[in-house]
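Down below is the structure, laid out as structure tokens.
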Amino acid sequence: MRKAILQKFILVLLAALCINSVIFYFASSRIILKNTREDMSYTLRVLDSILDYEGDIPGQMGKLKGFLDSGSSRLTLINENGSVAADSDAEAALLDNHLGRKEVQEALNQGSGYTMRHSETLGKTMLYVACRSGHAPMVLRLAVPYSGMRDFLPMLFPAEAVSFLIAMACSLVVTRRFVSSVTKPLRDISKEMLKVKGDYGELKVERSRYPEIDIIAETTMKMSQNVKEYLNRIEKEKQIRQEFFSNASHELKTPITSIHGYAELLESGMVQDEAMKQDFVKRIKKEAENMTGLINDILMISRLEAKDAEVVLSDVRISVLLEEILDSLKPLAASSQVFVHSDCQPLCIKANLQQMKELLSNLISNAIKYNRPGGQVWINVRETDKAMTIKVKDNGVGIPEDSLEHIFERFYRVDKGRSRKQGGTGLGLSIVKHIVQFYHGSIDVTSELDKGTEFFVKIPIRQ
Ligand SMILES: Nc1ncnc2c1ncn2[C@@H]1O[C@H](COP(=O)(O)OP(=O)(O)O)[C@@H](O)[C@H]1O
Ligand SMILES: [Mg+2]
């Protein structure tokens with residue numbers, strides 16, 4: 001990184017120096033040309049006032065030649081018709097008409113003019129400045145060899161080189177400092193990350209003076225926090241799954257042990273009484289039914305938990321479904337001597353039939369099971385605020401307050417013996433809660449021990 005930054009720095013430096021030099025060259029050239037022109041115009045004006053146009057002009061020109069300089073400058077006097085009246089370097093009569101020259105034209109039209117031309121005879125670039133005389137109908141023209149900035153270049157190159165070297169040395173120092181100020185926080189972040197062995201929430205990175213690097217630090221910290229949360233969640237899910245498996249196998253073991261016991265008794269021939277034999281067979285059947293119920297509930301839970309599993313939605317006529325469920329629960333209600341009252345609006349919602357059946361039958365069967373002879377169950381289903389509300393109320397045994405927060409947990413039962421006797425698995429309400437969550441609904445429960453329980457479910461109706 002240091003090398004790359006330094007390379008870029010030097011490139012930018014060189015480019016800046018080049019651009020700067022070019023701009024300086026052109027700006028200085030203009031200034032030098034302007035100054036030279038002004039000096040020459042001034043000289044011409046002085047010469048114009050010195051010259052005696054009535055007298056011997058070629059003679060005066062000879063004298064002036066010495067005054068002008070070492071001989072590189074040339075003074076020409078041109079008549080208004082373009083013919084040369086006198087010249088400091090050549091015989092006037094031999095020179096051709098100067099009317100077509102740009103500087104002469106400008107002087108005749110505007111009072112003064114200039115041009116720059118390469119002279120073949122001298123092999124030099126000449127600057128010509130012309131001026132209309134204030135004393136005679138003539139134009140005075142002065143020519144000097146002109147090289148502009150080129151003369152100064154040998155002087156400028158060393159200065160450029162020195163400034164480049166100084167800038168390079170400064171940039172080396174500055175770049176080194178800058179690079180280490182940028183890489184240090186990054187190194188710190190990686191050092192901190194390496195330090196983290198297990199607890200990703202521990203990662204703490206100090207603020208640097210660059211907000212861009214702080215973003216990296218913050219993102220890294222946020223990421224490690226997310227990793228921590230994710231790992232925690234996985235750990236929790238693992239625990240829940242382990243608990244579930246051990247509970248499930250334990251629950252399955254109980255009926256199997258019973259079945260095994262009864263079967264062994266029957267096999268041993270110890271039981272002679274026919275009525276007793278029949279009773280054992282009945283018990284075996286009951287335990288097998290319990291096992292089937294448990295396996296069905298386990299399958300239902302795992303289906304609900306498989307988030308990617310496809311759930312087929314169709315139009316479910318809730319009142320018809322409720323009738324069916326109540327019909328199937330009639331024997332249970334009769335044997336428990338519980339009266340069921342239902343009040344259902346003719347609702348039709350988009351849902352999964354099996355899930356709706358599970359939800360209603362679990363709540364209603366609980367209300368019947370955890371009740372007393374002569375007890376009652378009230379069911380109320382209606383549509384309010386684009387949601388289906390289900391109320392299942394009973395005046396049964398109720399739920400102790402400290403159990404209320406646990407009843408939706410898997411395998412939780414207030415009275416294990418009673419639940420088992422009724423064929424309960426402890427998974428019913430957990431299934432109900434899963435289903436309610438699937439539809440983004442809510443479930444609430446209020447209960448008073450020995451007085452009764454009320455479950456209230458709200459499920460938004462999909463259009
Ligand atoms: N209406 C109710 N009245 C009293 N207790 C209830 C009622 N509904 C549920 N419970 C209690 O909550 C426990 C969990 O219910 P659930 O998950 O359906 O399991 P179970 O298979 O035992 O019915 C039950 O064992 C019972 O103790
Ligand atoms: Mg139940």
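Of the residues making up segment 396-409, those that are assigned to a loop (DSSP other than H, G, I, E, B) and near ligand 1 (Cβ under 10 Å from one of its atoms) are 396, 397, 398, 399, 400, 406, 407, 408, 409. Looking at segment 380-393, is at least one residue at pLDDT below 95, farther than 24 Å from residue 240 by Cα and part of a helix (DSSP H, G or I)? Scanning segment 380-393, I find no residue that is at pLDDT below 95, farther than 24 Å from residue 240 by Cα and part of a helix (DSSP H, G or I), so the answer is no.
Rundown of residues vs (1) out of contact with any Leu (no Cβ under 6 Å at 6 or more places or on another chain); (2) charged (D, E, K, R); (3) touching a residue at least 40 places away in the same chain (Cβ under 8 Å); (4) surrounded by 11 or more Cβ atoms within 10 Å (Cβ to Cβ), yes/no style:
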position	(1), (2), (3), (4)
168	yes, no, yes, yes
175	no, no, yes, yes
185	yes, no, no, yes
196	no, no, no, yes
226	yes, no, no, yes
232	yes, no, no, yes
237	yes, yes, no, yes
258	yes, no, no, yes
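Only residues that are in a helix (DSSP H, G or I) and of a type outside the set (Asp, Glu) were counted in segment 91-111, giving 10. The residues of segment 436-458 that are of a type in the set (Phe, Trp, Tyr) and part of a strand (DSSP E or B), listed by number, are 455, 456.
With respect to residue 412, is the statement that it is near ligand 1 (Cβ under 8 Å from one of its atoms) and surrounded by 15 or more Cβ atoms within 10 Å (Cβ to Cβ) true? Judged against the criteria, residue 412 is a match. A single member of 42, 128, 114 is among the aromatic types (Phe, Trp, Tyr), closer than 26 Å to residue 147 by Cα, without any contact (Cβ under 8 Å) to a residue 24 or more places away in the chain and not in a loop (DSSP other than H, G, I, E, B), and it is 42. Look at segment 342-364: where a residue is within 14 Å of ligand 2 (Cβ to nearest atom) and a partner is polar (S, T, N, Q), sitting 6+ places away or on another chain with Cβ atoms under 9 Å, you get 361/328; 364/342.
For segment 421-453, filtered to residues that are closer than 16 Å to residue 404 by Cα and of a type in the set (Gly, Ala, Ser), the residue that is farthest from ligand 2 (Cβ to nearest atom) is 442. With respect to residue 43, determine if the residue is under 27 Å from residue 97 (Cβ atoms), buried (at least 16 other Cβ atoms within 10 Å of the Cβ) and in contact with a Lys or Arg (Cβ under 6 Å, 6 or more places away or on another chain). Considered against the rule, which asks whether it is under 27 Å from residue 97 (Cβ atoms), buried (at least 16 other Cβ atoms within 10 Å of the Cβ) and in contact with a Lys or Arg (Cβ under 6 Å, 6 or more places away or on another chain), residue 43 comes out as no. One residue alone among 364, 368, 284, 301 is surrounded by fewer than 19 Cβ atoms within 10 Å (Cβ to Cβ), aliphatic (A, V, I, L, M) and under 57 Å from the mean Cα position of the chain (by Cα), and that residue is 301.
Look at segment 391-409: where a residue is touching a residue at least 24 places away in the same chain (Cβ under 8 Å) and more than 20 Å from residue 344 (Cα to Cα) and a partner is among the basic types (Lys, Arg) and exposed (fewer than 15 other Cβ atoms within 10 Å of the Cβ), sitting 6+ places away or on another chain with Cβ atoms under 6 Å, you get 398/451. Criterion first (away from ligand 1 (no atom under 12 Å from the Cβ), surrounded by fewer than 17 Cβ atoms within 10 Å (Cβ to Cβ) and within 30 Å of residue 258 (Cβ to Cβ)) does residue 373 satisfy it? When the stated conditions are applied, residue 373 passes them. Being within 12 Å of ligand 1 (Cβ to nearest atom), charged (D, E, K, R) and assigned to a strand (DSSP E or B) is the requirement here; does residue 433 meet it? No.
Residues in segment 317-346 that are surrounded by fewer than 19 Cβ atoms within 10 Å (Cβ to Cβ) and closer than 20 Å to residue 440 by Cα: 317 only. Of the residues making up segment 389-408, one or more are more than 15 Å from ligand 2 (Cβ to nearest atom) and in contact with a helix residue (DSSP H, G or I) (Cβ under 8 Å, 6 or more places away or on another chain).
Looking at 57, 31, 23, 10, just one residue is β-branched (Val, Ile, Thr) and touching a helix residue (DSSP H, G or I) at 6+ places or on another chain (Cβ under 8 Å), and that residue is 10. Only one of 413, 418 is within 13 Å of ligand 2 (Cβ to nearest atom), in a loop (DSSP other than H, G, I, E, B), closer than 30 Å to residue 240 by Cα and touching a Lys or Arg at 6+ places or on another chain (Cβ under 9 Å). Can you tell me which? Checking each option against the conditions leaves just 413. Can you pull out the residues in segment 128-147 that are surrounded by fewer than 19 Cβ atoms within 10 Å (Cβ to Cβ) and of a type in the set (A, V, I, L, M, F, W, C)? Answer for segment 128-147, where residues must be surrounded by fewer than 19 Cβ atoms within 10 Å (Cβ to Cβ) and of a type in the set (A, V, I, L, M, F, W, C): 136, 144. Within segment 354-377, the set of residues being assigned to a helix (DSSP H, G or I) and of a type in the set (Gly, Ala, Ser) comprises 361, 365, 367.
The values are calculated or read from the model by the stated rules, or taken from the named source; none is laboratory data. The shown structure was predicted, so the numbers you read here are calculated from the model rather than taken from an experiment. A quick note on method: Cβ atoms are made from the backbone with ideal geometry, for glycine too, and the neighbour counts reach across all protein chains shown.
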